[in-house]
Amino acid sequence: MNIIRQTFLPCLCVLSTIIFYQAYNNSTPIDTVTYAQESPAPITPAKAKIKGPSTVMVGTLLFLSAEEATGDNFKWLIPPELIQTSASCNNNIFFSVPTPGKYSFGLVAANKAADIDVAYHDVIVTFSSISPIPNTPSFDKIVNISKEGLLKLNDPPTAANLKLALSLLIQESANKTLAELRTETIRLTVSTFLARKGESLKKEWGQLWVEPIDAAIVNLNLKDAATYVELLKALVKTL
């Protein structure tokens with residue numbers, strides 16, 4: 001019996017080893033699965049643009065379109081006296097204006113990256129189809145001063161917040177006097193600068209933007225609130 005154990009057991013061990021080795025070498029390799037990482041969705045640039053007539057007659061149906069604007073969210077800035085009579089369809093608005101005058105409409109476009117752009121469109125409503133000649137001073141010098149200052153500052157977050165603050169002031173400018181608009185502009189500007197964070201705190205907004213623009217505004221010698229609102233619109237476009 002001991003002879004059988006001594007003879008056959010080593011053979012069985014050798015045979016088992018051979019069978020395991022052959023099975024291991026002949027086994028089908030397991031394919032590895034590679035999961036591709038999805039690229040983040042591209043961010044739609046925020047670009048506000050209003051399409052519509054600049055002059056209409058009293059009682060005419062006015063239609064303003066935002067079809068050429070881009071972004072993820074849009075908000076119309078409508079004169080307070082027309083809010084109750086306006087209607088909207090998608091990103092477009094329409095209404096009939098019963099009273100002659102100059103009406104200013106705005107459009108705020110924003111995207112998922114919190115970028116903001118604002119556009120304005122003035123409509124003159126008249127009793128005649130002939131457009132009146134506007135008597136608005138040129139704001140080219142102030143626009144250039146703003147652009148140069150913004151280029152030196154290189155502070156997009158503060159510029160975007162200031163643009164939003166001034167845009168809301170323009171929307172709520174009806175029935176405000178020139179003095180009230182100037183006071184509110186100063187308050188909103190100071191509030192925007194006080195809310196700055198991080199690298200924006202190091203930017204010299206007072207020296208490079210506020211002071212040069214204030215000096216240019218004084219030289220314009222503005223006399224009425226309507227012209228001041230037009231100035232604010234020109235500044236907002238540069239921000």
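Every number here is computed from the coordinates shown, using simple stated rules; none is lab data. Fair warning: this is a prediction, and the values are worked out from it, not measured in the lab. Heads up, the Cβs are rebuilt from the backbone with ideal geometry, glycines too, and the neighbour counts pull from every protein chain shown.
Which order do the peptides 173-182, 45-54 take when ranked by the mean count of other beta-carbon atoms within 10 Å per residue, highest first?
45-54, 173-182
Mind running the shape call on region 131-214? Use the C-alpha gyration tensor, a ≥ b ≥ c as the square roots of the eigenvalues: rounded below 1.5 for a/c, prolate if a/b tops b/c, oblate otherwise.
Oblate.
Please label the shape of region 58-179 as rounded, prolate or oblate, based on the square roots a ≥ b ≥ c of the eigenvalues of the alpha-carbon gyration tensor (a/c under 1.5 means rounded; beyond that, a/b larger than b/c means prolate, else oblate).
It is oblate, given that a/c is not under 1.5 and a/b is not larger than b/c.
Would you mind counting up the charge near LYS141? Only other residues with Cβ under 12 Å from its Cβ, with Lys and Arg at +1 and Asp and Glu at -1.
Combined, the nearby Lys, Arg, Asp and Glu give -1.
Which entries in LYS47/LYS152; LYS141/LYS197; LYS49/LYS141; LYS197/LYS223; LYS49/LYS223 show an alpha-carbon gap greater than 28 Å?
Over 28 Å Cα-Cα: LYS141/LYS197; LYS197/LYS223; LYS49/LYS223.
Go ahead and collect, in residue order, the members of region 55-94 whose backbone nitrogen is under 17 Å from a label point 7 Å along the Cα-Cβ direction of ALA226.
55-58, 79-82
Give me the number: length gained by fully extending ASN219 to GLU204, i.e. 0.36 nm times residue separation minus the C-alpha to C-alpha distance, one decimal in nm.
This chain segment gains 3.1 nm when fully extended.
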